[in-house]
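Asker: Before I ask anything, here is the structure I am working with.
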Amino acid sequence: MADKEELKRALKAFKKRLKLYQADSGSSAPASHLSREKHTISAITPPDQYPKEIWDELVAKGRLKAVGRGMYELAN
């Protein structure tokens, strides 16, 4: 079981990576002019400096949601 500070650091790293991917996605793939849809990334592979057990614990605590294939998204 990870300590509270390690979980906090892992979640912060996850949010930072998600934000970077979303910013990168928005600049390289503009939305269709016809549909006016905005494509956003909601699930990512978490930073690898933390083990899978950390991410599973954050899922168990309700902070993240596992969506398959090693990808996670923020829980609402």
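The values are calculated or read from the model by the stated rules, or taken from the named source; none is laboratory data. Keep in mind it's a predicted model, so treat the numbers as computed, not measured. Using ideal geometry, Cβ is built from the backbone for each residue, glycine included, and neighbour counts are taken over all protein chains shown.
Asker: Could you look through region 57-76, keep only residues that are part of a helix (DSSP H, G or I) and in contact with a strand residue (DSSP E or B) (Cβ under 8 Å, 6 or more places away or on another chain), and pick out the one that is nearest to residue 8 (Cα to Cα)?
Answerer: Only one residue tops the list, namely 58.
Asker: Any idea which of 65, 15, 38 is basic (Lys, Arg), out of contact with any helix residue (DSSP H, G or I) (no Cβ under 7 Å at 6 or more places or on another chain) and modelled with pLDDT of 95 or more? Spell out the reasoning first.
Answerer: Details: 65 fails: out of contact with any helix residue (DSSP H, G or I) (no Cβ under 7 Å at 6 or more places or on another chain); 38 fails: modelled with pLDDT of 95 or more.
The conditions single out 15.
Asker: Further, regarding this structure: Of the conditions (1) loosely packed, with under 10 Cβ neighbours inside 10 Å; (2) more than 16 Å from residue 2 (Cβ to Cβ); (3) charged (D, E, K, R); (4) modelled with pLDDT of 95 or more, residue 48 satisfies every one except a single condition; which number is it?
Answerer: Answer for residue 48: the failing condition is (2).
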